[in-house]
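The values are calculated or read from the model by the stated rules, or taken from the named source; none is laboratory data. Quick caveat, the model's predicted, so the values are computed rather than measured. Cβ coordinates were reconstructed from backbone atoms using ideal geometry, including for glycine residues, and neighbour counts include every protein chain displayed.
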Amino acid sequence: MTLRTALRFILTAVIMLTVLAWVMPADAGERHRGERDDRARKDDRRRDEKRMREERFHEMLKLLKKHRPELYEKLMKLKEKPDLFRREVIAAAEKLMVELKERKRERHGDRERGDRPRDDRPRDDRPRHEERPRHDDDERPRHDDRERRGHDEDPDMPSLDEIERKAKDIMHEIKERAPEMYEKLMDIKKREPKAFLRVLRDMWMDLMHREDKGREREERDMPSLDEIADKVKSIIDNEDILAEFKREAPDVFELLMAIKKHGFERKFLERLRDIWMEREREEGEEEDEPTLDDIAKMAKDILRNKEELEDIKRHSPDFFELLMKFKKHGPRPEILERLRDNLMEDEEECEEEDEGEIHELMENLEKVLHEIRKRAPDAYRELMKLREHEPEEFPRVLLDIWRDLHEDEGREREHEEERRIGPEEEEKILDFLKKNNPGWFEELMQVRRKNPDAYRHALMRARNEARELKELIEEDPQRAEDIILNNRLTHRQWQLVEKYKRAESKEAREKIRVELRGVLNKLFDVRLRKWKRHIEELAQEIEEMKKEEAEFRKEKESIIEEKLKELLGKPRRRFPGE
């Protein structure tokens, strides 16, 4: 072998080793280096966000102490109950910040309009620094400087200098978390560069505020690391459970093995908790929205319950209209989707209303508890026990009790209003009955002459029947027409019977007999149509029941499993893999 060949061989070997060293990891753990780095970055970001939230919370306390000392003292008494204390402080501080911003906006608006007091002194009598009146352009830099330094009235708001220093990081965060907001921001940066920093600050604060609310809800449900450690201790030596984790949740299995090897280190427990919360969120999202089959079953149940249907008609006319379309056209997908959308919107509105009512009740807690204690002492005692042992459930139960107390009052007022029938309404009811149910109209007139008190009650009953018949005319005109025809023919039937009894000649009786036979013939046809319609409805209901029976039979095992979980009590916090 020549020297040149040997050198070429050595050079080739060196190049190949270099490439292999670059491509292949130095050890087996290198494969997961990128993943570990991502986790570390996420952990760092989570810690930074938590620190920022705590700083923001303390700033809120300072703001309340400065501007609302009495409210601050009242809130500090709730410090023993951290969840309630934090929630009330944030709500009060947000309200105060809105007030301060409004005041500031009004004051700045006055300056921009030039509402400064006029100086009517002669020019020579003014002090030297007042000789030249300031122009709007001279005022603006001073205003910007003050805003860059930060406002004394709103310490929670970062200054424009801080925003400018952190602009790149903030923009990156907004791009990741709210792409639509980022696009708007870039558009503003091109069109109005001078206003960019202020808009960036407002968007950033709005994003942080929204995420804070979400995190607070998460933190209330988040288990402690001690709870995670206790759970791990109970399963780490159970080979069956470990095998299940290895098969269904390998990431959890790896963490359990790391804990078994290195001990209960904080980083492993935190990672386990993150996986736990992430899977609970995913399961919650899957269970949130009902299926179209669920909506169809719910609609059928409502249509069977007349009282609930009447209540929906009074309070949710749009939803009632959709139910009527469902009844007429059947379970069409477009109708079911609209029903579901309507339900979801109502739920969101109810949640917002509930939060607003809870906030108002907590602001006037002493008066509210005093009234509950006076009117419902048993409920008050239970409420106080709940406040001591389960403070996070206290606001919701307080709202339920408060609504129950005032629901009775509202019902009494509604009944009182229902009992009142004015002269105009009375006349309309009587005209409707005279035309569509003459027999009942004549009975009412007799009661009116003999017993006025009984007449008022009978008139209220007649009003309800008249309402139902009017609704039926709109919903099912054919059925309503048959009912009205049945009423008229029945009334005419008894009129002819009385006339027949009073008739003296044989010819008059025969004439009445022929007319009565024609009335009975028509009445028979009307009632036969009613009977036929009833049979068709029963057949349709039986068909639907057969379909439901087939579905139940098909899903027997899953239904039994769900019922079993319900009876035995599903745990509130489920460990991953269970």
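How many of the residues in region 179-196 are modelled with pLDDT of 75 or more, under 29 Å from the mean Cα position of the chain (by Cα) and farther than 17 Å from ILE163 by Cα? Adding up the residues that qualify gives 2.
Being touching a residue at least 24 places away in the same chain (Cβ under 8 Å), of a type outside the set (Phe, Trp, Tyr) and part of a helix (DSSP H, G or I) is the requirement here; does LEU336 meet it?
So LEU336 fits the description; yes.
Only residues that are at pLDDT 75 or above, acidic (Asp, Glu) and within 30 Å of PHE57 (Cβ to Cβ) were counted across region 202-258, and they come to 4. Taken over region 333-380, the criterion of being basic (Lys, Arg), touching a helix residue (DSSP H, G or I) at 6+ places or on another chain (Cβ under 8 Å) and farther than 19 Å from ILE302 by Cβ is satisfied by ARG373, ARG375.
Condition check for ARG492 on (1) surrounded by 15 or more Cβ atoms within 10 Å (Cβ to Cβ); (2) of a type in the set (Lys, Arg); (3) in contact with a Phe, Trp or Tyr (Cβ under 8 Å, 6 or more places away or on another chain): one failure, at (3). Only one of the listed residues (ASP408, ASP404, ASP431) is modelled with pLDDT of 85 or more, loosely packed, with under 14 Cβ neighbours inside 10 Å and of a type in the set (Asp, Glu). That residue is ASP431. Residue check: LEU516 meets all listed conditions (1) modelled with pLDDT under 90; (2) under 20 Å from PRO438 (Cα atoms) but one, namely (1). For region 285-301, a residue qualifies if it is surrounded by 10 or more Cβ atoms within 10 Å (Cβ to Cβ) and at pLDDT below 80, and the qualifying residues are GLU289, PRO290, THR291, LEU292, ASP293, ASP294.
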